[in-house]
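Every number in this text was worked out from the coordinates using simple rules, so none of it is lab data. Because the structure is a prediction, the values reported are computed rather than measured. Because the Cβ atoms are built from the backbone with ideal geometry, glycine has one as well, and the counts that use them run over all protein chains shown.
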Amino acid sequence: MKKLLGTLCALALTTAAVPAFADGHGEKTMLRIQTHYAPETTSGKLLTEYVDNIQKMSNGEIEVEMFYSSSVVKSVETFDAAATGILDCDATGGAYQTGKNPAFQFVGDIMGGYATPVQQLSWLYYGGGREAANELYNKYDMQLVGWIVYGQESFASTAPIAGIDDLKDWKFRSPPGMETKIFEKLGAKPIVMDFTEIFTALETGIIDGADASGLANNVGLGLYDIAGYANFPGFHSMPSDHIACNKEVWDAMPDHHRLIMEVAIGDIALKSALSFEKQNAEAAAMLTEKGIQIDAWSAEDLAEFRDAAQSTWGEFATTPEAKALVESHIAYLTQLGLVKGE
């Protein structure tokens, strides 16, 4: 992360000092990017900052048309829309693509593994994760540009969600993938639905709760206007939102445009982790004052969830790419002392 910040500072100084089109530059990159986040959410605002940064750092050579709230195609379809040229880049997350290959689960949301955003980002940049992930993305004509990891997610629920016992028959929105298997083991009834359908499903009682995002994002989505219960700090999920671009588009971009996009996403990743640390705490205080019941799970319940999650990794790793990514994570988690070695 220090290396990324150092590169960012150097790049910012360079682009400030050199006029546009110097040294033969002047190539234009036009990008259409979709995210599932609304522009009012914390993550949506950070993506707006990312777009502003790459446009300014390129002195206008990169131009972006940003689509929020999955306004072009459904969230789960964003990756394919970019790969086929309907869009150019995807700003959702790898976990939406588990139906394509379960390996995407392990670049999208490993679940029950890393404890902090910094640990998870360190696997990507210093644990061999970036190289392993791009082997997977390239197979589907996409390039992973970088990750944004905002931290542990919290549930929104219309029923108490204070521990493992409350999961019995609890109907909740789940993203596709391994999460459904884990929570079924624990007695819950996950229902896979698009991110944009959560509010209406909660409002109409189709679901009792939702795995949507971090506490601050959930507030931005208005979920606690309906749901009277939450858990904080979160534990079950720490997804990696990504910037991933059509491989042909990416390869055609000038080197300095690619570098700008890579460095800028590292900057936003750090800001995301730091800002959510503050904003989640503020959201928890505000929700408590509003009368929302917020529960922190016990150490015993957390251990039971982690056991269920980690026992599911191998069950879900049914392709060579998925197995390779699980082995990479386990090796790195063991180094960090988060998983016991054999």
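Confirm whether residue 249 is closer than 19 Å to residue 149 by Cβ and of a type outside the set (Gly, Ala, Ser). Explain how you work it out, then say what you get.
On the way: closer than 19 Å to residue 149 by Cβ: no; of a type outside the set (Gly, Ala, Ser): yes.
No.
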| task | Being surrounded by fewer than 16 Cβ atoms within 10 Å (Cβ to Cβ) and over 21 Å from residue 48 (Cα atoms) is the filter here, so list the residues in region 69-86 that pass it. | result | 84, 85
| said: Here is a check on your reading of the model: is residue 112 out of contact with any Ser or Thr (no Cβ under 6 Å at 6 or more places or on another chain), buried (at least 19 other Cβ atoms within 10 Å of the Cβ) and at positive phi? | reply: yes
| message | I'm checking my understanding of the structure. Among residues of region 283-306 that are exposed (fewer than 13 other Cβ atoms within 10 Å of the Cβ) and of a type in the set (D, E, K, R), which one is farthest from residue 227 (Cα to Cα)? | response | 300
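Can you find, within region 50-75, the residue that is farthest from the chain's Cα centre (by Cα) among those that are part of a loop (DSSP other than H, G, I, E, B) and at negative phi?
This residue is 61.
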| request: Would you list the helices (runs of 4 or more DSSP H) that sit entirely within region 239-327 and hold 3 or more residues that are without any contact (Cβ under 8 Å) to a residue 24 or more places away in the chain? | output: 255-290, 299-316
| Number of the exception - residue 275 against (1) farther than 29 Å from residue 313 by Cα; (2) polar (S, T, N, Q); (3) in contact with a strand residue (DSSP E or B) (Cβ under 8 Å, 6 or more places away or on another chain) | (3)
